[in-house]
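Student: After the structure tokens below, expect a handful of questions from me.
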Amino acid sequence: MDAPFSLQMKVRDYECDLQQIVNNAVYQQYCEHTRHEYLRSLGIDFAGLHNRGIDLVLVRAEVDYHYPLRSGDRFEITLRVEPKGRIRFLFHQAIFLLPERRRIVTGVFHGASLRNGRPALVAEVADTLQQASETT
């Protein structure tokens with residue numbers, strides 16, 4: 001995966017379940033945090049958009065789990081964005097165990113932009129994501 005953005009993290013004890021592996025829902029939280037950091041790095045301000053009646057929402061998540069993480073493991077999450085029209089966008093993400101970069105999770109997260117709760121073109125978001133996708 002050619003990913004222009006990545007973030008490194010470490011598994012915390014409380015993220016593990018009774019099997020002593022990271023709970024499946026936590027991987028989606030890791031991906032969400034990475035998406036937020038990525039958007040922030042592009043200058044997209046969630047709170048500012050929300051205050052103007054604009055929200056960026058997740059409408060679908062496709063996640064494949066390949067291998068578990070355990071407490072203390074260090075990992076990297078990669079991200080590549082792909083615009084799908086003017087109001088939808090795909091985030092292609094993967095999680096890799098470090099240092100060997102063993103594939104842990106792959107996913108495609110479908111997002112959309114809303115204005116006052118309805119699907120809408122938000123030009124500043126669409127343009128920023130389009131430009132970001134073209135630089136990879």
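Student: Looking at (1) out of contact with any Leu (no Cβ under 7 Å at 6 or more places or on another chain); (2) at pLDDT 95 or above, which is the only condition ALA126 fails?
Tutor: (2)
Student: Is it the case that some residue within segment 64-77 is closer than 27 Å to ALA25 by Cβ and among the β-branched types (Val, Ile, Thr)? I'd like the intermediate steps shown before the answer.
Tutor: So in segment 64-77, the residues closer than 27 Å to ALA25 by Cβ come out as 64-77.
Going one step further and asking which of them are among the β-branched types (Val, Ile, Thr), we end up with 77.
Yes, because at least one residue in segment 64-77 is closer than 27 Å to ALA25 by Cβ and among the β-branched types (Val, Ile, Thr).
Student: Can you work out which of the residues in segment 93-136 that are open to solvent by 80 Å² or more (accessible area, probe 1.4 Å) and in a strand (DSSP E or B) is nearest to GLU32 (Cα to Cα)?
Tutor: Here the residue is ARG103.
Student: Return the residues of segment 98-123 that are in contact (Cβ under 8 Å) with a residue 40 or more places away in the chain, on the phi < 0 side of the Ramachandran plot and out of contact with any strand residue (DSSP E or B) (no Cβ under 7 Å at 6 or more places or on another chain); say none if nothing qualifies.
Tutor: Passing the criteria: none in range.
Student: Now, a different point. Any idea which residue in segment 35-48 is modelled with the highest pLDDT, counting only those that are farther than 17 Å from PHE109 by Cβ and part of a loop (DSSP other than H, G, I, E, B)?
Tutor: By that ranking, first place goes to GLY43.
Student: Quick one: how many residues across segment 49-92 are more than 26 Å from ARG118 (Cα to Cα), part of a strand (DSSP E or B) and open to solvent by 50 Å² or more (accessible area, probe 1.4 Å)?
Tutor: 3
Student: Let me ask something else. In segment 116-134, is there at least one residue being under 22 Å from MET9 (Cβ atoms) and not acidic (Asp, Glu)? Steps first, please.
Tutor: Filtering segment 116-134 down to residues under 22 Å from MET9 (Cβ atoms) leaves 132.
Next cut, not acidic (Asp, Glu) only: 132.
For segment 116-134, residues under 22 Å from MET9 (Cβ atoms) and not acidic (Asp, Glu): present.
Student: Now for a separate question. Would you pick out the residues in segment 1-34 that are open to solvent by 30 Å² or more (accessible area, probe 1.4 Å) and part of a helix (DSSP H, G or I)?
Tutor: Selection gives ASP13, TYR14, ASN24, ALA25, GLN28, GLN29, GLU32, HIS33.
The values are calculated or read from the model by the stated rules, or taken from the named source; none is laboratory data. Note that the structure is predicted; figures quoted are calculated from it, not measured. Positions of Cβ are backbone-derived with ideal geometry, glycine not excepted, and every protein chain shown enters the neighbour counts. Heads up: the accessible areas ignore ligands, DNA and RNA and are worked out on the full protein's heavy atoms, side chains in. Shrake-Rupley method; radii C 1.70, N 1.55, O 1.52, S 1.80 Å.
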